[in-house]
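Here's the structure, in structure tokens; my notes come after.
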Amino acid sequence: MNDSDHTEDFKLDLGRRPRRIRRTQALRALTQENWLRREDLIAPLFVIDGDGPKEPVGSMPGVFRRSVKDLVQECRELAEVGVRAVALFPSIDPSLKDDVGSEAGNPDGLVLRTVKAIKNSVPEIAVITDVALDPYTSHGHDGVLNATGDYVLNDETVERLCQMAVHQAIAGVDIVAPSDMMDGRVGAIREILDEAGFTNTAIMAYSAKFASAYYGPFREAVGSAGAAGTTTLNKKTYQLNPANRRAAIADALLDEEEGADFLMVKPAGPYLDIIRDLREASALPLAAYQVSGEYAQIHAASQLGWLDYEKSRDESLLAIKRAGADLVLTYFAREVADKLD
Ligand code: PBG
């Protein structure tokens, strides 16, 4: 395949022709710089109490709230296709929710029972638990509100998060993942885990978590939106301003100083610049969370016939790797792992 099969006389005198190495499938594979691997994928899973059938999440095709038993089976199948980690999120019965998220402190809570069940049956898969109060509060905020209800109290919330993290460590979780964006929570959790003897329980800090509109479908899944009566629950007093790049790095570096083992950027696709910045600012393993809205977008557009489902899905994940993430939390984890060789 030379460029000479046309008859025209016009010929560029080019020393460099970058297309040379894109000519065949073999050359393209030889020169590919980034790859998505099964080992990069973390599957977020939703758990619900009882032993009912799995419940579909309307805005997230292919995603379900699962009973503990069903979720354990899902973990087994994830492990079989080579996924190494799952991140658990509970959908809590509204009758158990209150202003301060008391159920988060229940030593026999749903998440803790789920961790134990996974560790019993699929010990090879790493389990990550969320440390935040939003699945448990009647208002859907990640922490405890002040008297006027317009501000999440920092230190009081952190105290509750510490207690949650210890319960999760006792249940046998590998990694606790504070997603609340309170100040000082990573350091406080590290300290209390160490005091309690859990020096090997790792912390994945949701370091650069933005106040994003892309969390809507997740809030449906865990019922935190319904509780608050809106999908645009305003978390701007604790989550990062989407306009800010330096603030994200500064906040993430604090998490590193406080003892985080992994940093995370969330959402992923709309924040690739932050992933790149953090990749360069820290040597820690870096995760990126391709959130519910990013997943829903790809599904919705492909249902309309406006995007090719598999191609846009795969490109979205590869772009996150290329930006510099080591790990990707994604609702596509299982199907993508299943298909990768
Ligand atoms: C809250 C939390 C959220 C997500 C994970 N943990 C939503 C929020 O901040 O309201 C969103 C994940 C997703 O959209 O997939 N602790």
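Between the listed residues Leu193, Ala79, Leu12, the Cα displaced farthest toward the positive end of the dipole of the chain, a dipole computed from Cβ unit charges relative to the Cα centre, is found at Leu12.
Around the Cα centre of the chain, unit charges on the Cβ atoms of Lys, Arg, Asp and Glu (plus for the first two, minus for the last two) sum to a dipole of about 1120 debye.
Classify region 35-339 as rounded, prolate or oblate from the Cα gyration tensor: take a ≥ b ≥ c as the square roots of its eigenvalues, call it rounded if a/c is under 1.5, otherwise prolate when a/b beats b/c and oblate if not. Cα axes put region 35-339 in the rounded bin. A dipole drawn for the chain from +1 and -1 charges on Cβ atoms has a positive end, and of Leu41, Phe218, His167 the residue lying farthest that way is Leu41. Taken as Cα centroids, region 154-185 and region 80-144 sit 11 Å apart, rounded to the nearest whole angstrom. Helices of the chain meeting both criteria, an alpha-carbon length of 30 angstrom or more along the long axis and an average Kyte-Doolittle score not below 1.0, with helices taken as full DSSP H segments, do not occur. For Cys75, Cys162, the sequence from fewest to most other C-beta atoms within 10 Å is Cys162, Cys75. Sites listed here are chymotrypsin sites (Phe, Trp or Tyr not before Pro) in region 244-341 whose DSSP assignment is loop and whose Cβ has at most 14 other Cβ atoms within 10 Å: Trp306.
Listed cross-link partners Lys54/Lys339; Lys119/Lys311; Lys54/Lys321; Lys54/Lys97; Lys54/Lys236; Lys97/Lys235 are compared with a 27 Å cut-off, the Cα-Cα value being larger for Lys119/Lys311; Lys54/Lys321; Lys54/Lys236. Here the 3J(HN,Hα) profile of region 83-96, calculated from phi with Karplus coefficients 6.51, -1.76 and 1.60 at θ = phi - 60°, is 7, 9, 8, 10, 10, 9, 9, x, 9, 8, 4, x, 5, 9 Hz, Gly and Pro shown as x. Helical content alone sets the calculated 222 nm signal of the chain at -11500 deg cm²/dmol, taking -39,500 (n - 2.57) per DSSP H segment of four or more residues and averaging over every residue. Listed by Cβ neighbour count within 10 Å, with the fewest neighbours leading, Asp174, Asp40, Asp273 appear as Asp273, Asp174, Asp40. How much net charge surrounds Asp51 when only other residues with a Cβ under 15 Å from its Cβ are counted (Lys, Arg +1; Asp, Glu -1)? Summing Lys and Arg as +1 and Asp and Glu as -1 gives 0. In a simple Cβ point-charge model (Lys, Arg +1; Asp, Glu -1; nothing else charged), region 1-156 has a dipole of about 1120 debye relative to its Cα centre.
In terms of its C-alpha gyration tensor, region 221-341 comes out oblate, because a/c is 1.5 or above while a/b does not outweigh b/c. With 0.36 nm allotted per residue and the present C-alpha distance subtracted, the Ser102-Asn244 stretch has 47.8 nm of extension available.
Using a cutoff of 8 angstrom between alpha carbon atoms and counting only pairs six or more residues apart, the relative contact order for region 218-339 works out to 23 percent.
Counting every other Cβ atom within 10 Å of each residue's Cβ, Thr24, Thr129 order from fewest to most as Thr24, Thr129.
Across the chain, Cα pairs under 8 Å and at least six residues apart give a relative contact order of 18 percent.
None of the figures in this text is laboratory data; all of them are computed from the coordinates on show. Quick caveat: nothing in here was measured; it's all calculated off a predicted structure. Here the Cβ is made from the backbone with ideal geometry for all residues, glycine too, and neighbour counts use every protein chain on show.
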